[in-house]
Structure formats: C-alpha cells, structure tokens
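Please read the structure below before turning to the comments.
The values are calculated or read from the model by the stated rules, or taken from the named source; none is laboratory data. Remember, predicted model here, so these are calculated numbers, not experimental data. Counting neighbours? That spans all protein chains shown, and the Cβs are built from the backbone with ideal geometry, glycine included. Accessible surface areas use protein heavy atoms only, side chains included; no ligands, DNA or RNA. Shrake-Rupley method; radii C 1.70, N 1.55, O 1.52, S 1.80 Å.
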Amino acid sequence: MSDDGSIQDQEPNLSVPEVVTKYKAAADICNRALQAVIEACKDGAKVVDLCRTGDTFINKECGNIYKGKQIEKGVAFPTCVSVNSIVGHFSPNSDDATALKAGDVVKIDMGCHIDGFIATQATTVVVQEGAEPITGRAADVIAAARTAFDAAVRLIRPGKHISDVAGPLQKIAEAYECNMVEGVMSHEMKQFVIDGSKCILNKPTPDQKVEDAEFEENEVYAIDIVVSTGEGKPRVLDEKETTVYKRALEVAYQLKMQASRAVFSLVNSNFATMPFTLRALMDESAAQKAELKVGQLKLGLVECLNHGLLHPYPVLHEKSGELVAQIKGTVLLMPNGSSIVTSAPRQPVTSEKKVEDKEILDLLATPVSAKSAKKKNKKNKDAADKPADA
C-alpha cells in the first residue's frame with residue numbers, strides 16, 4: 001500500500017489485508033446508509049428524498065474516513081427506491097412527486113466504495129406501522145428472494161461453477177409460486193469495476209446466456225436476486241424515466257455539441273468509473289458553476305448516449321399489480337469461506353409456502369464460512385458426547 005492509502009498493485013485482491021479492510025469499511029457505511037433509508041420509508045415519504053438520504057449518508061461518512069489520503073471514495077451505485085411492480089433503477093429527479101403509501105413493497109438498492117473497492121446491497125421492505133409479520137403475496141415474494149439469496153451464497157463459492165446457480169434459484173422461486181426476473185445478473189467486482197466480465201445470469205433464456213466459469217478464491221461478488229409474483233419478464237415503459245448512467249470506458253468519440261462536451265467533462269471529472277444519476281450530475285454542475293441548465297444537461301446526455309459513451313440503467317417494470325422483491329449482498333470468497341460483508345434487517349414474514357426440495361434444503365443447511373462449519377461440528381460433537389440421561 002502506498003503512503004496515500006491507495007493500493008498500488010496492478011490487480012489487488014483479497015489476499016491483500018488492506019483490500020479486505022477497505023471492502024469491509026465500504027460495507028459498514030453501506031449497511032448504515034441502508035438502515036437510514038429503511039427508517040425513513042414511511043407513508044407519505046417522497047422517493048426522491050429517500051434516494052438523497054442514502055447518497056448523502058454515504059458521501060458524508062466516506063468523508064470521515066481516510067482523511068488526508070488521496071483516494072477516491074463515495075457512492076458506488078446511486079440509491080434507487082423502486083416500489084411494487086417497478087423492478088429497479090428508480091432514482092427520480094428533484095421535481096418528482098412520487099411518494100410511498102402504506103402497504104407498498106419497496107426495494108432499496110445502493111452501493112459505496114473506498115478506493116474503488118465496492119460494497120453494494122439491496123433489500124425489500126413493506127411500508128407499515130408496527131412490527132407485525134408481512135403476509136400474502138408480499139410475504140411470498142420476499143421470502144422467495146431471501147431464500148434464493150441464501151442459496152446463491154452457498155452456490156457462488158470456490159470449486160462450483162456459474163452453471164450450478166440458476167437451476168436451484170428457479171426451483172426456490174417456484175416453491176413460492178413466483179419467478180426469477182429475467183436479465184438480472186450477479187457480477188464479480190474488482191477495484192473500480194462494479195460489473196466484471198464474470199457474471200451469473202439468474203434465469204438463462206434461449207436469447208440470453210453467459211459463459212460458464214469456475215468460482216475462485218479471493219473473488220468478490222455482488223449477488224443480486226430479484227423475484228416477481230408475475231412472469232418475471234420486465235420491460236421499459238418510458239425511456240424518460242431513466243436517470244442512472246455509467247461511463248463506458250472502452251468507448252471514445254469526439255462530441256460535436258458544446259453542451260455534450262460540458263456534460264461529458266462533468267462525468268469524467270466526477271463519475272469516471274461509478275454509476276451516477278442525472279440528479280447528481282445537476283448538483284455537480286451547480287457546485288462547479290458550470291451553469292448548465294436542465295435542458296442542456298439532458299440534451300448533452302442524448303449525444304453521449306447516442307454514441308455509446310454512457311451506459312444507461314433503464315427503469316424496468318413488471319406487469320401492473322404484480323410485486324417484485326430484491327435482495328442483494330456483497331460476498332468475499334475468502335480462503336476460509338465466504339464472508340457476507342453487507343447486511344440488512346429483515347422484517348418478519350409469514351408465507352404459507354415453503355421449499356420442500358431435499359437437495360435445496362440440504363444446500364441451505366450447509367455453512368457459509370469455515371468458521372460456521374467448525375462451530376456447527378463442535379456443537380454436534382458436544383451433543384454426541386453428552387450423556388443420554390444428562
């Protein structure tokens with residue numbers, strides 16, 4: 001590690017203690033930011049305010065660590081709050097009036113990074129007063145997503161393959177009379193890379209497949225599970241809803257319009273590697289006194305998008321009336337077992353459905369880490385050694 005706190009190796013991984021420390025620091029901030037947004041999810045709360053709460057928390061807390069070190073840190077994925085049948089990526093502009101109401105099923109998705117080491121996570125909550133268990137189809141879809149995530153953590157580990165994952169996930173979804181959402185991927189993450197080339201497609205289709213590969217020690221994955229009470233075939237209803245973008249680093253083009261060049265300059269100076277929102281871009285424009293109006297920003301974005309300089313994250317929808325749940329977590333494939341560094345509180349749910357497949361139940365019963373396995377083996381040994389009449 002250099003004097004400024006940054007990792008200098010060409011491709012640092014979990015074998016470097018400082019790397020693990022930075023992943024865990026990013027995860028800790030992400031965990032607390034998510035908790036802040038969950039607590040603010042009340043009847044009448046505006047979605048844009050919830051998104052700002054998450055992003056502001058992350059940036060503020062990142063400013064309190066590694067002070068004096070010349071390292072990048074902050075939001076790795078902008079806070080998105082997607083309600084009911086909206087699948088994801090909903091992070092509206094400041095003038096949007098969308099608000100939560102009692103009974104809404106709310107997906108909160110966000111990410112934080114320290115020196116490019118990223119922790120992302122998402123959870124699903126229901127807007128309600130009190131702590132009574134969630135029931136009905138909301139309970140089914142949330143339980144399905146949680147169970148599928150728990151299974152995926154045990155399938156995405158050294159020695160197993162990408163092709164091992166999708167089948168059990170779909171079986172779990174079906175047990176709750178739900179479907180995995182098509183097009184959703186879990187990605188390997190590396191320094192400053194939120195969506196690495198090694199990825200897992202939760203629900204392969206004839207039109208969409210990924211290359212098989214073996215999981216290896218010292219890899220990091222954002223395990224992303226999205227489940228629907230509907231068919232799981234999301235679609236874009238309105239391209240104007242898209243507000244989340246990421247710089248396509250492999251693409252170069254000489255922009256013609258002055259507004260486009262100004263927008264692209266803002267992106268490169270503030271969001272060179274991580275996704276960002278149009279809202280954050282407008283904030284940066286104001287902060288740097290670039291004096292770009294909303295219309296100019298949007299016009300500049302169009303030329304950047306048309307020539308592939310930016311990658312959009314469109315807002316996807318399931319059929320109206322259906323419910324969608326998301327659980328995402330960051331998992332470090334350590335030599336002594338997997339370490340889930342992100343965590344979110346889970347509201348109690350009561351579903352009348354459950355997984356009965358023996359292979360999946362056996363999978364869910366296996367420990368995630370070597371430490372857990374040792375504790376379980378010791379407990380079993382102690383029970384075996386205990387006298388029968390004790």
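Per-structure values
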read-out	value
Hey, residue 109 surrounded by fewer than 24 Cβ atoms within 10 Å (Cβ to Cβ) and assigned by the TED database to the domain that holds residue 196 or not	no
Pair list, Cβ under 8 Å, 6 or more apart: segment 339-353 residue over 27 Å from residue 113 (Cα atoms), other residue surrounded by 13 or more Cβ atoms within 10 Å (Cβ to Cβ) and at pLDDT below 95	none
Selection count, segment 196-222, where residues are within 17 Å of the chain's Cα centre (by Cα) and either outside the structural domain of residue 182 (by the TED database) or exposed (fewer than 14 other Cβ atoms within 10 Å of the Cβ) (or both)	1
Pair list, Cβ < 7 Å and 6+ apart or interchain, from segment 155-175 residues that are open to solvent by 50 Å² or more (accessible area, probe 1.4 Å) to residues that are assigned to a helix (DSSP H, G or I)	164/155; 171/360
In segment 13-28, the residues that are in contact (Cβ under 8 Å) with a residue 24 or more places away in the chain and assigned to a loop (DSSP other than H, G, I, E, B)	13, 14, 15
Of all residues making up segment 49-76, the number that are under 21 Å from the mean Cα position of the chain (by Cα), basic (Lys, Arg) and either closer than 22 Å to residue 127 by Cα or surrounded by fewer than 16 Cβ atoms within 10 Å (Cβ to Cβ) (or both)	2
Among the residues listed as 180, 189, 185, 110, the single one being free of Cβ contacts under 8 Å to residues at least 40 places away in the same chain and closer than 25 Å to residue 339 by Cα	185
Candidate set: segment 29-48, residues that are without any contact (Cβ under 8 Å) to a residue 60 or more places away in the chain and open to solvent by 30 Å² or more (accessible area, probe 1.4 Å); chosen: the one nearest to residue 347 (Cα to Cα)	39
Every residue from segment 133-159 that is aliphatic (A, V, I, L, M), over 21 Å from residue 352 (Cβ atoms) and assigned to a helix (DSSP H, G or I)	152, 153, 155
Members of segment 259-292 found to be modelled with pLDDT of 95 or more and part of a loop (DSSP other than H, G, I, E, B), listed by number	274, 275
Any hit, segment 87-110, residues being over 15 Å from the mean Cα position of the chain (by Cα) and assigned to a strand (DSSP E or B)	yes
Residue in segment 243-258 that is part of a loop (DSSP other than H, G, I, E, B) and among the acidic types (Asp, Glu) present	yes
